[in-house]
């Protein structure tokens, strides 16, 4: 008795001999000739369909995002702003079946586009919608609020940024600019303490910049010098108006819990934090004695 019959199985050996038939494959050269990648067409993502419709499609939201970024890159700020606002409106419209929940990047682009167009009111409305605590978001909100005259909110954003990245000179430069702008709005002897705060902030920015470990390559040193020159120019403007960090430090211990009228525009806790941070870093010595160096002197 055959072994196959013993186990009650009847195998057809032909199935192991069947030849597989494969679909013919076109030569590689022919394949390449018939394929055109979308990314080779500049601006392929621009579309005439309505934003509301595209937001309901699978790839529509990303396509609109690329369109906005493309317009912003090529300085078509009005188009970038209008498209961004339509995108945001579609996300906020409950009647549109949109999968996007938090259009943070689009809101930030809208705010920056509005800033470029000097539409500060729209920029601030967009900034108010940003609820992210990411560093880029905090910086965007702070800069928008600063230019919109909301100095209290601007300083709070920059301090939140600083709490997450202490050794970054940029928020201190922005704080210095904010205090300077608040002083220039109402330049008077009574508001001089804002100017002294600006000097303390810009001095801290210079100290962090100079103490940083910058790569010893040409483009990095060029960037360092460019940043240094910009910050130094701001410091000179503040000093020419009479700003002095020493006066601010001398006034703070005497002030105590009594908030000076010129600083009531800001959150007192933020002012106390700036004072404490500058003193901590300076080792309780007069900040005027701290000499920062240009990269040319290093």
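The values are calculated or read from the model by the stated rules, or taken from the named source; none is laboratory data. A quick note: this is a predicted structure, and the numbers were derived from the prediction, not measured. FYI the Cβ positions are ideal-geometry reconstructions off the backbone, even for glycines, and counts take in every protein chain you see.
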In this structure, does residue 185 turn out to be surrounded by fewer than 22 Cβ atoms within 10 Å (Cβ to Cβ), out of contact with any helix residue (DSSP H, G or I) (no Cβ under 8 Å at 6 or more places or on another chain) and assigned by TED's automatic domain parsing to the domain that holds residue 279?
yes
Quick one: is residue 166 touching a helix residue (DSSP H, G or I) at 6+ places or on another chain (Cβ under 8 Å) and either surrounded by fewer than 18 Cβ atoms within 10 Å (Cβ to Cβ) or at pLDDT 95 or above (or both)?
no
Only one residue in 157, 126 is part of a helix (DSSP H, G or I), more than 18 Å from residue 183 (Cα to Cα) and assigned by TED's automatic domain parsing to the domain that holds residue 272, so which one is that?
157
Of everything in segment 160-190, what is more than 16 Å from the chain's Cα centre (by Cα), outside any helix (DSSP H, G or I) and closer than 18 Å to residue 234 by Cα? Give them in sequence order.
187
Could you tell me whether any residue of segment 134-147 is farther than 23 Å from residue 265 by Cα, over 14 Å from the mean Cα position of the chain (by Cα), modelled with pLDDT of 95 or more and not in a loop (DSSP other than H, G, I, E, B)?
no
With the requirement that a residue be within 13 Å of residue 179 (Cβ to Cβ) and either touching a helix residue (DSSP H, G or I) at 6+ places or on another chain (Cβ under 6 Å) or not in a helix (DSSP H, G or I) (or both), what does segment 201-241 give you?
201, 202, 203, 204, 205, 234, 235, 238, 241
Could you tell me whether any residue of segment 90-108 is part of a helix (DSSP H, G or I) and at pLDDT 95 or above?
yes
Number of the exception - residue 258 against (1) loosely packed, with under 15 Cβ neighbours inside 10 Å; (2) touching a residue at least 12 places away in the same chain (Cβ under 8 Å)
(2)
